[in-house]
Amino acid sequence: MNNKPILIISRYNEDVSWIKEYEDKYDYIIYNKGEALPNNHPELCLCGYNFINVENIGGNQRDIFQYIHDNYDHLLEIMIFIQAYPFDHRKKETFDTLIHNNKLTALEDYSHITDHSATLSGAQKLDIDGGYMEINNSWYIQAHNSSHNRSCRWSTFDEFMDEHFNNYIREDYNRFTPGSQYLITKDIAKHYPKEFWAYLRDILCKNYMTEAHIVERALLKILNCSLEPAEIFYQKQ
């Protein structure tokens, strides 16, 4: 039985040749969201790689939910969800250390900031563990709606959380990982039923959705398994 951890990679048109360095110790699958690629085309950059062509919607958060839902009955013990160039949000040497973990890990790195109590840029700061925190005022909803000519089903982050989780408690700052790159365990995925992941996947049904910014900020709270899902997750949509 193959017990290697798996890298689940969300790609648009990035060079993924770096994967070859990891394939001895890790399985991987690429969710290719750019131009659909045939498996037998010798000139394409993904020739020889394990990939699935998927629709370019929902960002990499949708790929997380899709993978867990589709593989729910045979998940591996360790799943590492990353973007096609995962070194933007952390140094490669940090990445190489973090992916050896066997528990929930936010794949981020702010070690260059030595004063964790200092603000990064006004409304942002670091948690005591060095993780990223942002003021909980839902600023990004109106900003994204305006810049992309979009609307959003929820007017605030708290509205989304109150609708979907029975025990959500508002905090002044949200701890989350920009880019939604996480190592998660099978137990975390199995903490919620299959339809829970399908519901989250189906929220992100278009590209450039403002809702994706809300889900991005909710994801770490979800993966911590401290939230009690509301009935809405189990109602047929």
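Tally Lys/Arg at +1 and Asp/Glu at -1 over every other residue whose Cβ is under 13 Å from the Cβ of residue 22; what's the total?
That works out to -1.
How would the stretch 132-218 be classified by its alpha-carbon gyration tensor: rounded, prolate or oblate, with rounded meaning a/c under 1.5 and the a/b versus b/c comparison settling the rest?
Judged from the Cα gyration tensor, the stretch 132-218 comes out prolate (a/c at least 1.5, a/b above b/c).
Under a point spin-label approximation (7 Å from Cα along Cα-to-Cβ), what is the residue 56-residue 103 distance to one decimal in nm?
4.0
Using +1 at the Cβ of each Lys and Arg and -1 at the Cβ of each Asp and Glu in the chain, identify which of 183, 135, 36 lies farthest towards the dipole's positive end.
Toward the positive end, the furthest listed residue is 36.
Using a basic spin-label model with each label point 7 Å from the Cα along Cα→Cβ, how many nm lie between residue 224 and residue 139?
The two pseudo-label positions are separated by 2.2 nm.
If amide hydrogens are placed 1.01 Å from N in the peptide plane, which non-local residues have theirs closer than 5 Å to the one on residue 51?
Residues meeting the amide H criterion: 30.
Only Lys, Arg, Asp and Glu count, each charged at its Cβ (+1, +1, -1, -1), so figure out the dipole size of the chain about its Cα centre, rounded to 20 debye.
200
Based on the Cα atoms of the stretch 75-213, what semi-axes does the equivalent ellipsoid have, where each is the square root of 5 times one gyration tensor eigenvalue, given in whole Å with the largest first?
25, 22, 16
Ranking request for peptides 172-185, 59-72: highest mean number of other beta-carbon atoms within 10 Å first, then the rest in descending order.
59-72, 172-185
Just reorder 82, 135 by solvent-accessible area, largest first, 1.4 Å probe, all chains present.
Solvent-accessible surface, decreasing: 135, 82.
Considering amide H positions built from the backbone, and no H for Pro or chain starts, which residues 5 or more places from residue 10, or on another chain, come under 5 Å of its amide H?
For residue 10, the qualifying residues are 31, 82, 83, 84.
Which of the pairs 25/190; 4/206; 92/194; 92/186 have their Cα atoms more than 28 Å apart in this structure?
4/206; 92/194
Using a 1.4 Å probe on the protein chains only, how many percent of the accessible area of the stretch 105-237 belongs to carbon and sulfur?
48
What would the Debye equation give as log₁₀ I(q)/I(0) for the chain at q = 0.15 Å⁻¹, counting only Cα atoms as equal point scatterers?
Debye output, listed in q order: -1.14.
Once the whole set of protein chains is in place, how much accessible area is left on residue 139, using a 1.4 Å probe, in Å² to the nearest 10?
Number for this one is 130 Å².
So what J values fall out for the stretch 59-73 if you push phi through Karplus, 6.51 cos²θ - 1.76 cosθ + 1.60 with θ = phi - 60°, rounded to Hz, Gly and Pro as x?
Listing the rounded values in order: x, 6, 4, 4, 5, 4, 5, 4, 4, 4, 4, 5, 10, 3, 7 Hz.
Find the accessible area per residue for the chain; the probe is 1.4 Å, ligands and nucleic acids are left out, and the unit is Å².
50
Could you work out how much longer the chain between residue 85 and residue 148 gets when fully extended? Use 0.36 nm per residue separation minus the Cα distance between them, nm to one decimal.
20.2 nm
Calculate one ³J(HN,Hα) per residue across the stretch 195-206 by plugging θ = phi - 60° into the Karplus curve 6.51 cos²θ - 1.76 cosθ + 1.60, and present them in order as whole Hz with x for glycine and proline.
5, 4, 5, 5, 4, 4, 4, 6, 4, 9, 9, 9
The values are calculated or read from the model by the stated rules, or taken from the named source; none is laboratory data. Every value quoted in this text rests on a predicted model; they were computed, and no experiment measured them. Cβ sites come from the backbone with ideal geometry, for glycine too, and all protein chains shown count toward neighbours. In case anyone asks, the SASA skips ligands and DNA or RNA and just uses the protein heavy atoms, side chains included. Shrake-Rupley method; radii C 1.70, N 1.55, O 1.52, S 1.80 Å.
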